[in-house]
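This report concerns only the one structure given below.
The values are calculated or read from the model by the stated rules, or taken from the named source; none is laboratory data. This one's a predicted model, so the numbers in the text were calculated from it and none came from an experiment. Every residue, glycine among them, receives a Cβ derived from its backbone with ideal geometry; neighbour counts consider all protein chains shown. For accessibility, only protein heavy atoms count, side chains too; no ligands or nucleic acids. Shrake-Rupley method; radii C 1.70, N 1.55, O 1.52, S 1.80 Å.
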Amino acid sequence: MRMVDIIAKKRDGHALTKEEIEFVVNGYTNDDIPDYQMSSLAMAIFFQDMTDEERAYLTMAMVESGDQIDLSNIEGIKVDKHSTGGVGDTTTLVLAPLVAALDVPVAKMSGRGLGHTGGTIDKLESVEGFHVEISEEEFVKLVNEDKVAVIGQTGNLTPADKKIYALRDVTATVNSIPLIASSIMSKKIAAGADAIVLDVKTGNGAFMKTVEDAEQLAHAMVKIGNQVGRQTMAIISDMSQPLGRAIGNALELQEAIDTLKGEGPEDLTELVLTLGSQMVVLAQKAKDLDEARGMLQEVIDNGKALEKFKTFLSNQGGDASVVDDPSKLPTAQYQFELPAKRSGVVSEMIANEIGIASMMLGAGRQTKEDVIDLAVGLVLNKKVGDRVEEGESLLTIYANSEDVEQVKQKLYDNITISDHAEQPQLIHTIITE
Ligand code: URA
Ligand code: CA
């Protein structure tokens, strides 16, 4: 087989075979195929697309390029959730204990935050003592006993994806549905999921700016999952403004506790119930989404979800008493309000820019080596569609520095107040097959 023939075949719009795709993925991972040929093929795929079969072959070739996590010693159907990334996205912190309270096994491999989006591990580490450096044996044992555990990234997962993604980044070929879909799905499958729930974000804070693009990506991923024997469902949700009210590590941990008590922000609660219902159905603990939703509401109301969160924290060394005494969480030295400059209705709060403002306070990393400040961040007092009077606080800044002028300017630049505005639709589409 010759790479040049494979490039020509794709350039001319033909479908590649399983053997050809494996040849490309293995050859590129082993450095037998040079960057210039791989980038040429990526561009040909960008223009010519891939069939459903090709997408599934590409996904599995990337899965098989490295280690795969073996969760077969965990009883039950392991359902993983993936979000395409957002600002103030506190869902995983709530979902993990919530579905575990219904005996859905949550064996979560998670990462740290980079750029304007936060990472689940960072948020959890705002609880004193909590750590994810546990052995795979311990991880499996915890999930079997208590149904939920989080482990840091282990093993050499999907090296082919790492290498191809880095190349796409500098060859203007990131924005290709078959390449994004196979990239995301390969990582979930290598991490051991039996079933997958996808939260595809749309809006100015997201990768996919329009609902149509997000739907295309979601359908592509659901198809891949189902083709390779991993049942997959997806939703399209809004990320034009931050999710919930809190942005920042300890602040989001507090928000998760509130939500598990049934006292969380409306949008976060709704998203958690929607995604959680899909997880419960895929784990075969309920026959349909309505029944699942009722079960989730019940464990929030009777306190079992919150109890599960405490068990989860203390199992991994965390001080679970923070749940009842939030003053034990890291707290920022200063609080500043951001007063509205006019009366009206909030019409825009640009999610990614507000995420960057939070990062400027120290809540996020610009580079992997940065040390983050767990205490700082933002809490929105108003959201899009809310009425506000001149001088009233739009949001509260939690800082460990008195100089927040640049942050305030960034926030003012990205929040708009108009005469009229409506609340954006939170959940656009629910895709079950
Ligand atoms: N995120 C991924 O993991 N892969 C892509 O290709 C794009 C976004
Ligand atoms: Ca939030």
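Name the residues in segment 196-216 that are among the aliphatic types (A, V, I, L, M) and surrounded by fewer than 23 Cβ atoms within 10 Å (Cβ to Cβ), would you?
Residues satisfying the conditions are MET208, VAL211.
Please go through segment 126-152 and give me each residue that is assigned to a loop (DSSP other than H, G, I, E, B) and touching an Asp or Glu at 6+ places or on another chain (Cβ under 9 Å), ordered by number. Residues satisfying the conditions are SER126, VAL127, GLU128, GLY129, PHE130, HIS131, VAL132, LYS147.
Scanning segment 222-254 for residues that are charged (D, E, K, R), closer than 26 Å to VAL281 by Cβ and not in a loop (DSSP other than H, G, I, E, B) returns LYS223, ASP238. Pairs meeting the criteria (first residue in segment 87-105 and free of Cβ contacts under 8 Å to residues at least 40 places away in the same chain, second residue away from ligand 2 (no atom under 15 Å from the Cβ) and open to solvent by 10 Å² or more (accessible area, probe 1.4 Å), beta carbons under 7 Å, at least 6 apart or on different chains) are THR92/LYS81. Scanning segment 178-191 for residues that are more than 10 Å from ligand 1 (Cβ to nearest atom) and open to solvent by 10 Å² or more (accessible area, probe 1.4 Å) yields one hit, ALA191. All of (1) surrounded by fewer than 23 Cβ atoms within 10 Å (Cβ to Cβ); (2) within 16 Å of ligand 2 (Cβ to nearest atom) hold for LYS123 with one exception: (1). A single member of GLU133, GLU212, GLU138 is more than 30 Å from ASN414 (Cα to Cα), out of contact with any Gly (no Cβ under 8 Å at 6 or more places or on another chain), free of Cβ contacts under 8 Å to residues at least 40 places away in the same chain and of a type outside the set (A, V, I, L, M), and it is GLU138. When LYS163, LYS108 are screened for being open to solvent by 30 Å² or more (accessible area, probe 1.4 Å) and either assigned to a strand (DSSP E or B) or under 22 Å from ILE189 (Cβ atoms) (or both), only LYS163 passes. Residue count for segment 268-279, restricted to those that are within 15 Å of VAL104 (Cα to Cα) and surrounded by fewer than 24 Cβ atoms within 10 Å (Cβ to Cβ): 1. Within segment 88-105, being outside any helix (DSSP H, G or I) and under 13 Å from the mean Cα position of the chain (by Cα) holds for GLY88, ASP89, THR90. If the condition is being within 16 Å of ligand 2 (Cβ to nearest atom) and in a loop (DSSP other than H, G, I, E, B), then segment 166-221 contributes GLY203, GLY205, ALA206.
For segment 222-246, taking the residues that are open to solvent by less than 10 Å² (accessible area, probe 1.4 Å) and within 15 Å of the chain's Cα centre (by Cα), the one that is farthest from ligand 2 (Cβ to nearest atom) is identified as ALA234. Does GLY262 satisfy the condition of being under 20 Å from ASP301 (Cα atoms), crowded, with 24+ Cβ neighbours inside 10 Å and of a type in the set (Gly, Ala, Ser)? So GLY262 does not fit the description; no.
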